[in-house]
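A.B. asks: I have a structure I would like to understand better, so I am pasting it below and will then ask my questions one at a time.
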Amino acid sequence: MRAAILSSPAEISKKPLEIVDVPEPAPLAGHVLLRVRACGVCRTDLHIVEGELPTRKTNLIPGHQIVGEVVTAAPDLPVGTRVGVSWIGGVDGSCWYCRHDMENLCDSPTFTGYTVDGGYAEYTLARSDFVFPLPAALDDLHAAPLLCAGIIGFRSLRVAGVQPGERVGLFGFGASAHLVIAVLHAWNCEVYVSTRGLSHQQLAKSLGASWVGSEKEKPSLQLDRAITFAPSGDVVIAALVSVRKGGVVAINAIHLDRIPEFDYDSLLWGERQLRSVANMTRADARDFLQLSAEIRLQPQVTVFRLDQANEALGALKRDTINGAAVIVP
Ligand SMILES: [Zn+2]
Ligand SMILES: [Zn+2]
């Protein structure tokens with residue numbers, strides 16, 4: 001099969017992914033073999049490919065927003081079933097977190113496209129208890145970006161404690177935020193978007209944000225909740241500045257450059273909360289995919305071929321994609 005392989009991380013401009021022929025994955029107990037129909041491109045893929053996250057598997061096939069079709073049947077998964085695979089490829093089921101209903105914090109998780117091979121390929125293996133049958137209302141291209149950006153964006157709304165009708169700030173407006181805004185509108189929330197780049201600002205306006213500004217501007221009203229998406233600590237501080245007393249800022253980023261020193265008295269006191277969002281649970285995935293089908297969530301996508309995997313990641317890095325990049329092998 002064709003696959004994009006990472007043998008040694010490097011800046012994306014150096015094209016670290018090699019598109020080569022490799023053997024199809026061998027069958028593995030408890031797993032299903034999937035033919036990849038589409039695979040979304042996530043910022044975490046860029047962190048892996050560029051080496052900002054430590055290498056966990058050599059000769060890695062990245063990609064963790066996989067829409068696949070079951071090729072070898074498993075219980076409840078007949079051949080031909082269309083399923084989604086996300087970042088959490090498996091958990092141990094036995095650690096303290098798994099036993100306390102917090103599988104997103106599992107001590108020994110499997111990460112798709114990081115600790116095991118992912119979906120930048122024609123075929124992939126996935127644990128059969130970590131695939132999610134996809135509602136017919138979600139087609140391949142539009143389902144792929146939902147599987148990480150969407151699910152984790154949805155989880156960040158839960159972590160931020162968003163209630164229907166609240167004023168919610170989105171700081172950064174990439175793949176995840178442009179999905180989250182649809183969920184917020186379904187919950188009758190007012191959405192305030194702070195983002196750099198004219199194209200992201202225009203996209204936010206066209207998707208119905210009540211207020212759109214640059215990262216230097218401050219929303220005119222105090223926010224109940226804010227979610228930050230940019231890998232920048234400055235943005236976290238901008239979000240803290242914007243929330244009311246008792247408000248919550250949820251950081252939806254696996255990596256931040258740093259957090260600058262800030263004034264506790266004016267920015268955190270008053271029972272404001274700063275929380276991080278880590279991974280996702282299978283319940284988050286199922287609930288979000290069901291909601292997406294109900295509200296007919298249609299993310300904006302840009303399609304790349306498998307041999308353009310480096311270009312897709314490069315475009316993501318340069319912020320030149322509106323919505324989400326999807327690779328179709
Ligand atoms: Zn991701
Ligand atoms: Zn665990």
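A.B. asks: Quick check on A253: is it within 20 Å of G68 (Cβ to Cβ) and of a type outside the set (K, R)? Walk me through how you get there before you give the answer.
C.D. replies: On the way: within 20 Å of G68 (Cβ to Cβ): no; of a type outside the set (K, R): yes.
The answer is no for A253.
A.B. asks: Test each condition in (1) surrounded by fewer than 17 Cβ atoms within 10 Å (Cβ to Cβ); (2) under 19 Å from F132 (Cβ atoms); (3) in contact with a Cys (Cβ under 9 Å, 6 or more places away or on another chain) for W87 and report the one that comes out false.
C.D. replies: Condition (1) is where W87 drops out.
A.B. asks: Could you give me the residue pairs with C-beta distances under 6 Å whose first residue belongs to the stretch 213-230 and is touching a residue at least 24 places away in the same chain (Cβ under 8 Å) and farther than 16 Å from R244 by Cβ, whose second residue is in a loop (DSSP other than H, G, I, E, B) and open to solvent by 30 Å² or more (accessible area, probe 1.4 Å) wherever it lies, and which are 6+ apart or on separate chains?
C.D. replies: Listed pairs, sorted by first residue: E215/R196.
A.B. asks: Ok, one more. For G165, indicate whether it is open to solvent by 10 Å² or more (accessible area, probe 1.4 Å), at pLDDT 95 or above and of a type outside the set (D, E, K, R).
C.D. replies: yes
Residues are listed down the side, and each one gets a yes or a no for (1) of a type in the set (S, T, N, Q); (2) more than 17 Å from the chain's Cα centre (by Cα); (3) open to solvent by less than 20 Å² (accessible area, probe 1.4 Å):
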position	(1), (2), (3)
S232	yes, no, no
R258	no, yes, no
M280	no, no, yes
A325	no, no, yes
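Quick grid of which residues meet (1) part of a strand (DSSP E or B); (2) modelled with pLDDT under 95:
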residue: P231; (1), (2): no, yes
residue: V236; (1), (2): no, no
residue: L240; (1), (2): no, no
residue: K245; (1), (2): yes, no
residue: A250; (1), (2): yes, no
residue: I254; (1), (2): no, yes
residue: F262; (1), (2): no, no
residue: D265; (1), (2): no, no
residue: L274; (1), (2): yes, no
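A.B. asks: Hey, does the stretch 69-76 have a residue that's more than 16 Å from ligand 2 (Cβ to nearest atom), of a type outside the set (V, I, T) and modelled with pLDDT of 95 or more? Reasoning before the result, please.
C.D. replies: If we filter the stretch 69-76 for residues that are more than 16 Å from ligand 2 (Cβ to nearest atom), which is where we start, we get 69-76.
Next, only the ones that are of a type outside the set (V, I, T) stay: 69, 73-76.
Next cut, modelled with pLDDT of 95 or more only: 69.
Looking for residues that are more than 16 Å from ligand 2 (Cβ to nearest atom), of a type outside the set (V, I, T) and modelled with pLDDT of 95 or more, one finds at least one in the stretch 69-76, hence yes.
A.B. asks: On the basis of being under 23 Å from T72 (Cβ atoms) and among the aliphatic types (A, V, I, L, M), does A177 make the cut?
C.D. replies: Details: under 23 Å from T72 (Cβ atoms): no; among the aliphatic types (A, V, I, L, M): yes.
No; evaluated as a whole, the condition is false for this residue.
A.B. asks: Turning to a different aspect of this structure: Those residues that are closer than 18 Å to G30 by Cα, within 16 Å of ligand 1 (Cβ to nearest atom) and not in a strand (DSSP E or B), I need them from the stretch 88-112; list them, please.
C.D. replies: P109
A.B. asks: Would you mind finding the one in L147, L141 that is aliphatic (A, V, I, L, M) and surrounded by fewer than 24 Cβ atoms within 10 Å (Cβ to Cβ)? So that I can check it myself, show each step before the final result.
C.D. replies: On the way: L147 fails: surrounded by fewer than 24 Cβ atoms within 10 Å (Cβ to Cβ).
One residue alone meets the criteria, L141.
A.B. asks: For the list (1) over 14 Å from D140 (Cβ atoms); (2) more than 15 Å from ligand 1 (Cβ to nearest atom); (3) not in a strand (DSSP E or B), I need the number of the one condition that L33 fails.
C.D. replies: Looking at each condition in turn, L33 falls short on (3).
A.B. asks: Scan the stretch 36-72 for residues that are away from ligand 1 (no atom under 16 Å from the Cβ), basic (K, R) and under 20 Å from N279 (Cα atoms) and jot them down.
C.D. replies: If the condition is that a residue be away from ligand 1 (no atom under 16 Å from the Cβ), basic (K, R) and under 20 Å from N279 (Cα atoms), then K57 is the only one that fits.
A.B. asks: Within the stretch 91-128, track down each residue that is of a type in the set (A, V, I, L, M) and either open to solvent by less than 50 Å² (accessible area, probe 1.4 Å) or more than 29 Å from N310 (Cα to Cα) (or both). It would help to see each step written out before you state the result.
C.D. replies: Of all residues in the stretch 91-128, those of a type in the set (A, V, I, L, M) come to 91, 102, 105, 116, 121, 125-126.
Selection gives V91, M102, L105, A121, L125, A126.
A.B. asks: I'd like the full set of residues that are β-branched (V, I, T) and at pLDDT 95 or above, limited to the stretch 42-54.
C.D. replies: Result: I48, V49.
A.B. asks: Another question, if that's okay. Out of the residues in the stretch 24-47 that are among the hydrophobic types (A, V, I, L, M, F, W, C) and open to solvent by less than 10 Å² (accessible area, probe 1.4 Å), state the one that is farthest from the chain's Cα centre (by Cα).
C.D. replies: V32
A.B. asks: Now for a separate question. Regarding the stretch 113-124, can at least one residue be identified that is touching a strand residue (DSSP E or B) at 6+ places or on another chain (Cβ under 7 Å), away from ligand 1 (no atom under 16 Å from the Cβ), part of a strand (DSSP E or B) and closer than 21 Å to N59 by Cβ?
C.D. replies: Yes, that holds for at least one residue.
The values are calculated or read from the model by the stated rules, or taken from the named source; none is laboratory data. Nothing here was measured: the structure is a model prediction, and the numbers come from that model. Neighbour counts are summed over all protein chains in view; Cβ atoms, including those assigned to glycine, are modelled from backbone coordinates with ideal geometry. Ligands, DNA and RNA are stripped out before the accessible areas are found, and what is left, the full protein with its side chains, is counted by its heavy atoms. Shrake-Rupley method; radii C 1.70, N 1.55, O 1.52, S 1.80 Å.
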